[in-house]
Amino acid sequence: MRFGILMTSALILLITVSSSTKHRDVHIEALSELPLSGKNEKFGFNLNDYHVVKATIQPNQFLADILLQHKVDYQTVAELAEQAKPVFNVRSLRAGKPYYILNSDTTDRADYFIYEPNAISYVVYDIRSKHVVMTDRQINRVQKTASGTISSSLWKTMMDQNLDYELAAKMEDALAWSVDFHHIQQGDLFKAYYEELYVDDKRVGVGELHAAYFRNSNNDYYALKYTNHKYDGFYDLEGRPMKKVFLKAPVQYSRISSRYNLSRFHPVLRRVKAHLGTDYAAPYGTPIYAVANGVVTNAAYTKGNGNYVKIKHDKTYETQYLHMQGFAKGISSGVQVKQGQVIGYVGSTGLATGPHVCFRFWKNGKQVNHLGLNLPEPDPMAKEELPNYFITRDSLKSILDQIDQVPVIKDQLVEEEDITS
Ligand SMILES: [Zn+2]
């Protein structure tokens, strides 16, 4: 329970931080600190040869606004925008992103406008020749390992170590089917082998998670990434997919507020009435996922259920999701859905005291407690594949096993690679 709450606050915190940085640092500065001699290369230019202005895009500022300030006439701006079309849409200039103006003479008219939509790419507008080129920088992938002992939650422990929330999310995705992250305990242990992406020594994100390990009340869980033309996902030590046929819960970052209970006192009706579902409390508007592939058999409203969706998964299993605020786009009777697809949003329509989804699991036409069910296992990896998989498994497992159990972050090796997307 506590884990869910902490994780939500971590997410909110992160959202706040990133949105505030977007609007910060809106300023214009000349690069007066540049050395006067020698090379100062950036974007393929020797910046020492130019007068350089660095600034950030302001809210509601367009390319024309910027270039007109730098003595580029309107006709040229229009031609540049046209030229740029196949390369970059000038309408996607975003407030808070950096740009540079370069000019080489004393007329103050800009020669180049350079925009950085993200840490990886930049677009160069050559104002004189009206050429527009977008370049992706080289990404260095640094292989890293991390580990830690849980203090209160996986997220908090990882944040305390300055590990990226992207890594926490990837670890949780890899392990979520096996580890109940709502009930992890102090002293539980995690390890990860993953890559971080760097551009010019600057960390720009988390790349692939290669392998993850979690020890929870003396059980060891390994999630090892295996990818080839036929397989792509995380597998356990025996080559069984980590991903199961059914998701553990229809909402992320939620807590169970009421369990399946045949003699529950109903808070609205104020009498004993069997509770044939599991309630997951989550804020209004939280996405609700289909827990497995299937076909929607109902997307309707009733007085008790409110807005609800029912999905038929196979001959045996159906699931039902009640009290939705609304349905996701395209969800109606007869529509095929995939596991993890958003089918609606948490609400309190029908007989409900607060925002939650009442999740009902049907087996052979009867409502059962899915938390006590032995659900069907996914298809195992083909026997012929296993020898190959075991090679990958053994090397990933030995990397994980060698990670110290004290919290450390280590660089392992650097390999360089071009990315084109
Ligand atoms: Zn319920």
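Ranked by accessible surface with a 1.4 Å probe, highest first, in what order do T302, T107 come?
Descending accessible area places them as T107, T302.
Given A328, Y389, G304, which one lies farthest toward the positive end of the charge dipole of the chain, if we put +1 on the Cβ of every Lys and Arg and -1 on the Cβ of every Asp and Glu?
Toward the positive end, the furthest listed residue is G304.
Taking a ≥ b ≥ c as the square roots of the Cα gyration tensor eigenvalues, with a/c under 1.5 meaning rounded and otherwise prolate when a/b beats b/c, else oblate, which class fits region 255-370?
oblate
Please state the charge dipole magnitude for the chain, taken about the Cα centre, from unit charges on C-beta atoms (+1 on K and R, -1 on D and E), reported in debye and rounded to the nearest 20.
It works out to roughly 2780 debye.
Once neighbouring chains are kept in place and the probe is 1.4 Å, which whole percent of the accessible area of region 28-136 is contributed by carbon and sulfur?
Carbon plus sulfur share of accessible area: 49 percent.
Taking a temperature of 25 °C and a viscosity of 0.890 mPa s, what whole-number D in µm²/s does Stokes-Einstein yield for the chain with Rh from Kirkwood over alpha carbon pairs?
After rounding, the answer is 97 µm²/s.
With the cut-off at 23 Å, tell me which of the pairs K54/K202; K273/K312; K144/K230; K225/K248 have Cα atoms farther apart than that.
Where the Cα-Cα span goes over 23 Å, the pairs concerned are K273/K312; K144/K230.
As an exercise, take the mean of 1/r over every pair of distinct alpha carbons in region 140-259, invert it, and state the Kirkwood radius in angstroms.
Result for region 140-259 stands at 15.3 Å.
To two decimal places, what compactness ratio does region 28-136 give when its Cα radius of gyration is scaled by 2.2 N^0.38 Å?
That ratio works out to 1.01.
Which of these, R271, R393, R109, has the largest mean-square fluctuation under a Gaussian network model of the chain (Cα springs below 10 Å)?
Among R271, R393, R109, the largest GNM mean-square fluctuation belongs to R271.
Size of the dipole of region 228-285 about the Cα centre, Lys and Arg at +1 and Asp and Glu at -1 on the beta carbon, nothing else charged, in debye to 20?
For region 228-285, the charge dipole is close to 400 debye.
In region 255-370, what percent of the accessible surface is made up of carbon and sulfur (1.4 Å probe, ligands and nucleic acids excluded)?
Roughly 51 percent of what the probe reaches on region 255-370 is carbon or sulfur.
Normalised by the residues of the chain, what does the relative contact order come to in percent, with Cα pairs under 8 Å and at least six apart?
Result for the chain is 14 percent.
GNM on the chain, C-alpha springs below 10 Å: top fluctuator among L322, L47, L237?
Judging by the Gaussian network model, the answer is L47.
Take D394 and N374, extend 7 Å from each Cα along the Cα→Cβ direction, and tell me the distance between the two endpoints in nm.
With each label placed 7 Å out from Cα toward Cβ, I get 3.3 nm.
Which residue fluctuates most in the GNM of the chain (Cα springs below 10 Å): Q185, Q75, Q339?
Of Q185, Q75, Q339, the most mobile in the Gaussian network model is Q75.
What whole number of Å gives the distance from the Cα centroid of region 40-66 to the Cα centroid of region 303-363?
Taking the Cα centre of region 40-66 as reference, the centre of region 303-363 is 50 Å away.
Once you keep just the Cα pairs under 8 angstrom separated by 6 or more residues, what percentage relative contact order results for region 93-210?
Over region 93-210, the number comes to 22 percent.
Using only Cα atoms, locate the centre of region 205-267 and the centre of region 379-393, then give the distance between them in Å, rounded to an integer.
For region 205-267 versus region 379-393, the Cα centre distance is 20 Å.
By accessible area of protein heavy atoms, probe 1.4 Å, what ranking do V199, V335 get, highest first?
V335, V199
Subtracting the Cα-Cα distance from 0.36 nm times the residue separation, let me have the gained length for V204 to K363 in nm, one decimal.
52.6 nm
Could you work out how far helix 386-402 tilts from the main Cα principal axis of the chain, as a 0 to 90 degree angle to the nearest 10?
70
Can you tell me the order of 370-376, 312-318, 280-286, 340-346 when each peptide is scored by its average per-residue count of other Cβ atoms within 10 angstrom, highest first?
Per-residue mean Cβ counts within 10 Å order the peptides as 340-346, 280-286, 312-318, 370-376.
For V309, V368, V133, write out the residues from largest to smallest accessible area, computed with a 1.4 angstrom probe and no ligands counted.
V133, V368, V309
With a probe of 1.4 Å, find how much accessible area the chain has per residue, and write the answer as a whole number in Å².
Spelled out: the 1.4 Å probe surface of the chain, per residue, equals 52 Å².
Against the longest alpha carbon principal axis of the chain, how many degrees, from 0 to 90 and to the nearest 10, is the axis of helix 74-84 turned?
The angle comes out at about 50 degrees.
Taking +1 at the Cβ of each Lys and Arg and -1 at the Cβ of each Asp and Glu, which of F88, Y115, N48 sits farthest along the dipole of region 28-136 towards its positive end, judged by Cα position relative to the Cα centre?
F88
The values are calculated or read from the model by the stated rules, or taken from the named source; none is laboratory data. Note that this is a predicted model, so its numbers are computed, not measured. Cβ coordinates were reconstructed from backbone atoms using ideal geometry, including for glycine residues, and neighbour counts include every protein chain displayed. These area figures cover heavy atoms from the full protein model, side chains too; ligands, DNA and RNA do not enter into them. Shrake-Rupley method; radii C 1.70, N 1.55, O 1.52, S 1.80 Å.
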